[in-house]
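The values are calculated or read from the model by the stated rules, or taken from the named source; none is laboratory data. Since we're looking at a predicted model, the values are computed, not measured. Here Cβ is always computed from backbone atoms with ideal geometry, including for glycine, and neighbour counts include all displayed protein chains. For the accessible areas, the whole protein counts, side chains as well, though only heavy atoms, and no ligand, DNA or RNA atoms are used. Shrake-Rupley method; radii C 1.70, N 1.55, O 1.52, S 1.80 Å.
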Amino acid sequence: MPQTNIAQRKYNEIRKRAFENFINIRLFHFFIQNPAIPEPNIDELIKLSIQKEMYDLYGRCHQMPSSLVVPHYPHIKIGELDKLYKNWYDKNTQHTSALEKVFQEQHFFSKEEFIKFYGADEIDRSCTYCKVLESEIEELAEHGWIRTKRHLTRGRTMELDRKDPFLPYTKDNVALCCYWCNNAKTDEFSINEFAGIGNAMTRIWIDRLRKIDKEKKMI
Ligand SMILES: [Zn+2]
C-alpha cells in the first residue's frame, strides 16, 4: 500500500476550514434574513440552500467595515452579525455533529476521494497555474534558488487553492497549487486573470532550473 501521510494531513486541514466555512455561510444567510431570531436551530441551518450570490455577498461583507450595513439588507450592520455569530457559537459548539454529518455526506470529499485527488506521498505533483513540479522545487531549494524563509514550513508540497475563492472547498472548486501561486493569487484574482501570472512564474522557474543545469555542467 502506498503511503498517504501528506494527503491525510492536508485532508484534515482543509476539512476543518471547509466545515467552519459551511457553518459560517449558513449563519450569515440565516441572520441577514432573520436578525431578530438569535438562535436558528441546527435543522434550519441544514435546510438552507446557499446560492452563488450568497457566497459572493458573504465574501464582500468580510472586506467591509463593521459599521456598514449588509448590501441589500439595510436593517442589519456587519458588526451586529459578528455578535450574532459569537453568541451562536458560544451556545452551539458542542452541538454541531448533525451539521457535520450533512457536510461530510453531501458537501465535501470523502477521505478516499481526497487521497485519490491529491495522490500518494511519492507522487510528483505539479502546480495547476505555473506547472512547477514538487521535484523541481526540491531541486531549486537544494541549489539555493528558493529564497523564502518560509520554505522550512511551506512550499515543499502542493497546497490547495479554491479556484473561485468565494465558493466552498468542493471537488470541482479545488486545484493543486504551489505555495508561490497560492500566495500571489490570494482571493483577489480569478482563474482567467491569474493565467498570465502563472505563465510568468513558469518562465522564472525554467530560467532558474536552466541556471542550475549550467552550474552542474561547469563542475
Ligand atoms: Zn505555481
* The lone exception for residue 179 - which of (1) open to solvent by less than 50 Å² (accessible area, probe 1.4 Å); (2) in contact (Cβ under 8 Å) with a residue 40 or more places away in the chain; (3) within 16 Å of the ligand (Cβ to nearest atom) it fails -> (2)
* **In the stretch 46-80, residue surrounded by the fewest Cβ atoms within 10 Å (Cβ to Cβ) [restricted to those that are assigned to a loop (DSSP other than H, G, I, E, B) and of a type in the set (Ser, Thr, Tyr)]** => 49
* Please list, ordered by first then second residue, the pairs with beta carbon atoms under 9 Å, 6 or more apart or interchain, first in the stretch 23-38 and basic (Lys, Arg), second not in a loop (DSSP other than H, G, I, E, B). => 26/44; 26/45; 26/46; 26/99
* **Tabulated pairs, the stretch 120-149, first closer than 13 Å to residue 178 by Cα, second basic (Lys, Arg) and in a loop (DSSP other than H, G, I, E, B), C-beta under 6 angstrom, 6+ apart or interchain** => 134/125
* Name every residue in the stretch 126-165 that is acidic (Asp, Glu) and either within 13 Å of the ligand (Cβ to nearest atom) or crowded, with 18+ Cβ neighbours inside 10 Å (or both), in order of residue number. => 134, 136, 159, 161
* To do: Scan the stretch 201-219 for residues that are within 15 Å of the ligand (Cβ to nearest atom) and surrounded by 12 or more Cβ atoms within 10 Å (Cβ to Cβ) and jot them down.
  => 201, 202, 204, 205, 206, 208, 209
* In the stretch 116-125, which residues are in a loop (DSSP other than H, G, I, E, B) and open to solvent by less than 20 Å² (accessible area, probe 1.4 Å)? -> 119, 120, 125
